[in-house]
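**Q** Please read through the structure below; I'll follow up with questions.
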Amino acid sequence: MDKFVINGGKKLSGKVSISGAKNSALALMPATLLNSGKNILTNAPEVNDIFTMTKLLTHLGAQCSFENGTVSIDNSNIISQDAPYEHVKKMRASVYVLGPLLAKYGYAKVSLPGGCAWGPRPINLHLEAMKKLGAEIQLEDGYIVAKSKKLKGARINFDVSSVGATGNALMAAVLAEGTTHITNAAMEPEITQLGDYLIQMGAQIQGLGTSEITIHGVEELNSADTKIIGDRIEAGTILIAGAITHSQISIEYDNVHHISSIISKLEDAGVKVLEGNNLVTIDSTNSDLKPIDVTTSIYPGFPTDMQAQWTALMMLANGTSTITDTIYFDRFKHVPELIRLGADIEVIKNSAVVRGVKSLKGAKVMSTDLRASASLVLAGLAAEGTTEVLRIYHLDRGYQKIEDKLTALGADIQRVKTDEF
Ligand code: EPU
């Protein structure tokens, strides 16, 4: 097992490039199951969730390779429509194979994902969407068994906007007979990229990037190649690394508008932000951080996947701020660990009330999930002395060698083997 050892308090400087978006890749890879050809996805981040998806697709019979950021998936010999527990329990996004398998093969057996570190993460909306499209769904021995001779276009209104359920509904509806209207659809950039990719395969989709998507089903889809968009959460995390250490740094990132909500909050907090030519530069060298409240919401609002990192930044602000998560009410496992570094935070219902402190002191802390671990790394960069972040396998699920990027910016962070758990 690995841990990070961080000697905090170093100013950062320079420029790093942002990797491809994990959550886009995790939707695009199963989408290839809708065709029987060879698909190439470039700019894939080398993170464990992508390796897990590769293993799952290989289990289904796909021929996958993943080298230097290029994922190649050949679906000419799919032999199984069964996503077993051993894969799904590792990563909830495995449920993305449900829609495409059902649409193309008329059958899918997918393990129920089970619990999550920060509370319930149901998949009822995915199942309701499949039922609307005409699938027969049964729950058997911890598995979803979905069957349908031919899916039929339908009207699907999501009670709650869901990235995953919209993705699954899109992937199922593209091969359904007739027209599907999805209302209250997710507008996240990863869903827009998924829709664009399906269009490249030959799907007919209108309204991507809005909450109303219309899909006219087609008979079959072709293989397609695409470049995965940059990771907006990694971009936001690195910008906060600069802000929390009172540094000036830049990121190379080609979809600046995807992080508008984060940039705007940074500006509110007193951080100078300069945008141009696929480059975002932040300068917080001379600024006192102002306490800024944040409420997470669906895109284009402030992402829940940046909530823990914003909490870390606000620990060192000049006053009290409140960070509310409206997407995941229990996503505050990072708070007790941040308190070990000297933060003053109280969780009240789905809000963290953060009273800014003058400084943090390094300590040993433990990651509990992907974004929680990112917040601990950020805190460690700002804390005086040494911080050890244990269980960074959580971080490795979604950040491509974050220590290399931070080291390139001048941070003192090392990955060290450990027996500590
Ligand atoms: N929800 C339901 N029923 C469902 C599905 C979702 O009630 O069937 C609720 C959830 O409980 C939540 C809300 O809907 O309150 C939104 O959840 P959503 O379905 O949008 O989340 P997801 O698709 O499971 C993706 C990302 C998450 C990210 C969320 C929200 C992927 C692979 N995962 O999850 O990313 O937090 O959207 O933006 O795209 C991460 O990268 O760290 C991560 C957790």
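The values are calculated or read from the model by the stated rules, or taken from the named source; none is laboratory data. Quick caveat: nothing in here was measured; it's all calculated off a predicted structure. Glycine also receives a Cβ, built like all others from the backbone with ideal geometry; neighbour counts cover every protein chain displayed. Surface areas here come from the heavy atoms of the whole protein model, side chains and all, with no ligands, DNA or RNA. Shrake-Rupley method; radii C 1.70, N 1.55, O 1.52, S 1.80 Å.
**Q** Can you run phi through the Karplus equation (6.51, -1.76, 1.60; θ = phi - 60°) for segment 396-406 and list ³J(HN,Hα) in whole Hz, with x for Gly and Pro?
**A** For segment 396-406, the Karplus-derived couplings read 5, 5, x, 10, 7, 6, 4, 5, 5, 5, 5 Hz, x marking Gly and Pro.
**Q** Provide the FRET efficiency to the nearest 0.05 for the VAL218-LEU274 pair, computing r from the beta carbons and using R0 = 35 Å. Intermediate results must be reported in sequence, preceding the final value.
**A** On the way: r = 45 Å, r/R0 = 1.27.
It comes to 0.20.
**Q** Excluding ligands, DNA and RNA, what is the solvent-accessible area per residue of the chain at a probe of 1.4 Å, expressed in Å²? It would help to have the intermediate numbers written out before the result.
**A** Numbers: 16220 Å² over 421 residues.
Here the residues of the chain average 39 Å² of exposed surface.
**Q** Per residue of segment 207-212, in order, report the coupling 6.51 cos²θ - 1.76 cosθ + 1.60 (Karplus, θ = phi - 60°) as ³J(HN,Hα) in whole Hz, putting x for Gly and Pro.
**A** Running phi through 6.51 cos²θ - 1.76 cosθ + 1.60 with θ = phi - 60° gives x, 4, x, 10, 8, 10 Hz.
**Q** Also, quick follow-up: Through the Karplus equation 6.51 cos²θ - 1.76 cosθ + 1.60, θ set to phi - 60°, convert the phi angles of segment 183-195 into ³J(HN,Hα) values in whole Hz; use x for Gly and Pro.
**A** Along segment 183-195, the couplings run 10, 6, 6, 5, 10, 4, x, 5, 6, 4, 5, 4, x Hz.
**Q** In the chain, if the dipole is taken from +1 on Lys/Arg beta carbons and -1 on Asp/Glu beta carbons about the Cα centre, which of SER284, GLY164, ASN75 is farthest to the positive end?
**A** It is GLY164, whose Cα lies furthest towards the positive end.
**Q** To the nearest 10 square angstrom, what accessible area does ARG355 show with a 1.4 Å probe?
**A** Ignoring ligands and nucleic acids, ARG355 comes out at about 90 Å².
**Q** What is the antiparallel percent of DSSP beta bridges lying wholly in the chain, to the nearest 5? Mind showing how you got there, number by number?
**A** Working: 58 of 78 bridges.
Around 75 percent of the beta bridges assigned by DSSP in the chain are antiparallel ones.
**Q** Can you give the accessible area of GLU275, probe radius 1.4 Å, in Å² rounded to 10?
**A** Answer for GLU275: close to 120 Å² accessible.
**Q** Check THR295: other-chain or 5+ apart residues with amide H under 5 Å from its amide H, H built from backbone geometry?
**A** THR324
**Q** Still on this model: Report the calculated FRET efficiency for GLU420 and GLU177 (r = Cβ-Cβ distance, R0 = 60 Å), to the nearest 0.05.
**A** E between GLU420 and GLU177, to the nearest 0.05, is 0.60.
**Q** Continuing with the same structure: If a/c stays under 1.5 just call it rounded; otherwise compare a/b with b/c (prolate if a/b is bigger, oblate if not). Do that for segment 300-401, with a ≥ b ≥ c from the square roots of the Cα gyration tensor eigenvalues. Walk me through the numbers before you get to the answer.
**A** On the way: a/c = 1.73, a/b = 1.06, b/c = 1.63.
Oblate, since a/c reaches 1.5 and b/c is not below a/b.
**Q** So, one more: Among the listed pairs LYS10/LYS358; LYS290/LYS364; LYS22/LYS401; LYS132/LYS227; LYS265/LYS364; LYS3/LYS361, which are separated by more than 22 Å between their Cα atoms?
**A** Numbers: LYS10/LYS358 16 Å; LYS290/LYS364 28 Å; LYS22/LYS401 13 Å; LYS132/LYS227 32 Å; LYS265/LYS364 29 Å; LYS3/LYS361 18 Å.
Pairs exceeding 22 Å: LYS290/LYS364; LYS132/LYS227; LYS265/LYS364.
**Q** Once ligands and nucleic acids are excluded and a 1.4 Å probe is used, how much of ASP196 is accessible, expressed in Å² to the nearest 10?
**A** About 80 Å², rounded to the nearest 10.
**Q** Using a 1.4 Å probe over the heavy atoms of the protein chains, calculate the carbon and sulfur portion of the accessible area of the chain as a whole percent. Display every interim value, and only then the final one.
**A** Numbers: 7640 of 16220 Å².
Answer for the chain is 47 percent, counting heavy atoms of protein chains only.
**Q** Counting Lys and Arg as +1 and Asp and Glu as -1, what is the net charge of the other residues whose Cβ lies under 14 Å from the Cβ of GLY342? Before the final figure, lay out the partial values.
**A** On the way: positive: ARG340, ARG355, LYS358, LYS361, LYS364; negative: GLU337, ASP344, GLU384.
For residues surrounding GLY342, the net value is +2.
**Q** By its C-alpha gyration tensor, with a ≥ b ≥ c as the square roots of the eigenvalues, how is segment 48-106 shaped: rounded for a/c under 1.5, else prolate for a/b larger than b/c, else oblate? Spell out each step's value before the answer.
**A** Numbers: a/c = 1.92, a/b = 1.16, b/c = 1.65.
Note, shape of segment 48-106 comes out oblate.
**Q** Sort segment 83-165 into rounded, prolate or oblate with this rule: let a ≥ b ≥ c be the square roots of the eigenvalues of the Cα gyration tensor; rounded if a/c is under 1.5, and if a/c is not under 1.5, prolate when a/b is larger than b/c, oblate otherwise. Show your work: numbers first, answer last.
**A** Working: a/c = 2.07, a/b = 1.28, b/c = 1.62.
Because a/c hits 1.5 or more and a/b fails to exceed b/c, segment 83-165 counts as oblate.
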